[in-house]
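The values are calculated or read from the model by the stated rules, or taken from the named source; none is laboratory data. What you see is a predicted model, and the numbers here were worked out from it, not measured in a lab. Positions of Cβ are backbone-derived with ideal geometry, glycine not excepted, and every protein chain shown enters the neighbour counts.
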């Protein structure tokens, strides 16, 4: 049985209700299942980043996890996530030499 993280944070066993009562927890869980249903790390990452952009209402947004937490959330290896992030950064921004204009790395 899943329990609502907001109600479980108090640390007391009484007053913890099954997550089926909490609509927000159900929505978060369904979104996560949507990310995890993707086949590759890149697809999972793009799905999560697209959701974050939509939730924050901008194409510039903060990712609410550090790299290890994001890897754990997406159920992928941190090294694989790092590769996917680097490839995505290269695809979106080009090589570092082109962006800096000075050939720095």
Positions within segment 56-88 being out of contact with any helix residue (DSSP H, G or I) (no Cβ under 9 Å at 6 or more places or on another chain) and at pLDDT below 90, in sequence order: 58
So, in segment 73-91, how many residues would count as being within 23 Å of residue 27 (Cα to Cα) and loosely packed, with under 13 Cβ neighbours inside 10 Å? 1
